[in-house]
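Working notes, structure below.
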Amino acid sequence: MAQLWLTLMAFNPTMANDPGSSSQLRHLSRYMVRHLGMLNAAFGDLPLSPVQAHALFEIGNQPQTIKELACKLSIDKSNASRAIKHLVDKNLAQSQMHPRDNRCLVVQLTPAGKKLLAKLDSQQNQLFQEILAQLTPEQIQQIEQALMQYNQAIHKAKQQSGYLIREATAADDAAIAQVIRAVSAEYGLTADKGYSVADPTLDCLSQIYSQPGAKYWVIEHEGQVVGGAGIAPLANNAGICELQKMYFMPEIRGKGLAKRLALQALEFAREAGYQSCYLETTALLKEALKLYEHLGFNYLSAPLGNTGHDACEIPMLLPLHAELNE
């Protein structure tokens, strides 16, 4: 068990691009589920299944509706309903009409349920004390941070269900050009101010990114192109590429897709042999600046080369073999 946790603490978001690391992480996740007893009929030595035990924890924290409990446990409503029925049948929980909605019930623990929850808490505390006794305080902190990142990645992956990131084709040229123009207009990045929306190549990006060492990706949702980003060599700067034309429609923001696409682009850049990745942006794009800082981009005192984007006053550079920020 200690080896599992020690290996998990080394988790890095870039593992998602490495099939070998992905397989190892899947194996470790299965190992953890098995050895924490999640596959057993009973939860420890108590008369509860794992689902019932988790339901007991959540109801103990706060009374829940079936819908709320299903969401908390990431299970379907029928499974949550069965778990509640078992708890009610065992006199561990009771249901009553919702005070603000008589169409649904709220479930809360009975005195017997609270007593069993106390035993469950004690049992779990003992289990994890025995596990953590194998580790130093520093290792425990590292594991907590890694598992928080892992949990956040799981949450983001669920949010991104139905979205496809793929290499752009000529059939996408008009759609991604429209996305870039729409987002630029939203932030006031107009062509007359020297932003990339003025590029004459905007309507034929698939051709521009067909050169060696370049690639453009689009995000597709329900058959519609809703975002994109590209990598291309930075002219007259050997070993340096540029992260370019990264735009996302409002409806897909906040789902982690920008970070996911940026990580995919940066991995392509590493595999293509680039040593650094350059970009130019503006203070008007506050969300983008936060992402670039999180990815490890450093601010430069002056731009590199001559990209023609005079209005983008913030140049940044990322060494491609440096570690990502937490």
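The values are calculated or read from the model by the stated rules, or taken from the named source; none is laboratory data. Bear in mind that the values here come from a model prediction, so they are computed numbers and not experimental data. Quick reminder, even Gly has a Cβ in these numbers, built from the backbone with ideal geometry, and neighbours come from all protein chains shown.
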Out of (1) outside any helix (DSSP H, G or I); (2) at pLDDT 90 or above, the one Ile176 does not meet is (1)
Ala258 meets each of (1) surrounded by fewer than 18 Cβ atoms within 10 Å (Cβ to Cβ); (2) part of a helix (DSSP H, G or I) with one exception, condition (1)
Scanning region 200-216 residue by residue, those part of a helix (DSSP H, G or I) and either among the hydrophobic types (A, V, I, L, M, F, W, C) or not assigned by TED's automatic domain parsing to the domain that holds Ala170 (or both) turn out to be Leu202, Cys204, Leu205, Ile208
| said: Yes or no: region 73-93 includes at least one residue that is of a type outside the set (Asp, Glu), in a strand (DSSP E or B), touching a strand residue (DSSP E or B) at 6+ places or on another chain (Cβ under 8 Å) and outside the structural domain of Arg253 (by TED's automatic domain parsing). | reply: yes
Those residues of region 266-294 which are over 15 Å from Phe248 (Cβ atoms), touching a residue at least 24 places away in the same chain (Cβ under 8 Å) and of a type in the set (Asp, Glu) amount to Glu267, Glu280, Glu293
By residue number, the members of region 159-194 that are among the charged types (D, E, K, R) and either touching a residue at least 24 places away in the same chain (Cβ under 8 Å) or touching a Ser or Thr at 6+ places or on another chain (Cβ under 8 Å) (or both) are Arg166, Glu167, Asp172, Asp173, Glu186, Lys193
Residue hits (region 107-161; more than 23 Å from Gln62 (Cβ to Cβ), among the hydrophobic types (A, V, I, L, M, F, W, C) and not in a helix (DSSP H, G or I)) are Ala133, Leu135
Residues of region 125-151 being in contact (Cβ under 8 Å) with a residue 60 or more places away in the chain and within 24 Å of Lys72 (Cα to Cα), in sequence order, are Leu127, Ile143, Gln145, Ala146, Leu147, Gln149, Tyr150
Q.
Tell me yes or no: at least one residue of region 296-315 is surrounded by 15 or more Cβ atoms within 10 Å (Cβ to Cβ), in contact with a helix residue (DSSP H, G or I) (Cβ under 6 Å, 6 or more places away or on another chain) and modelled with pLDDT of 90 or more.
A. no
Pairing a residue in region 22-50 that is closer than 13 Å to Leu127 by Cβ with any residue that is surrounded by 14 or more Cβ atoms within 10 Å (Cβ to Cβ) and of a type in the set (Phe, Trp, Tyr), where Cβ atoms lie under 9 Å and the two sit 6 or more apart in sequence or on different chains, gives Met32/Trp5; Gly37/Phe43
Expected single match for in contact with a helix residue (DSSP H, G or I) (Cβ under 9 Å, 6 or more places away or on another chain), on the phi > 0 side of the Ramachandran plot and either surrounded by 12 or more Cβ atoms within 10 Å (Cβ to Cβ) or not hydroxyl-bearing (Ser, Thr, Tyr) (or both) among Gly44, Gly60, Gly113 is Gly44
Against the definition (at pLDDT below 80, in a helix (DSSP H, G or I), among the polar types (S, T, N, Q) and surrounded by 14 or more Cβ atoms within 10 Å (Cβ to Cβ)), how does Ser29 come out, yes or no? no
For region 262-269, state whether one or more residues are surrounded by 17 or more Cβ atoms within 10 Å (Cβ to Cβ) and at pLDDT below 95.
no
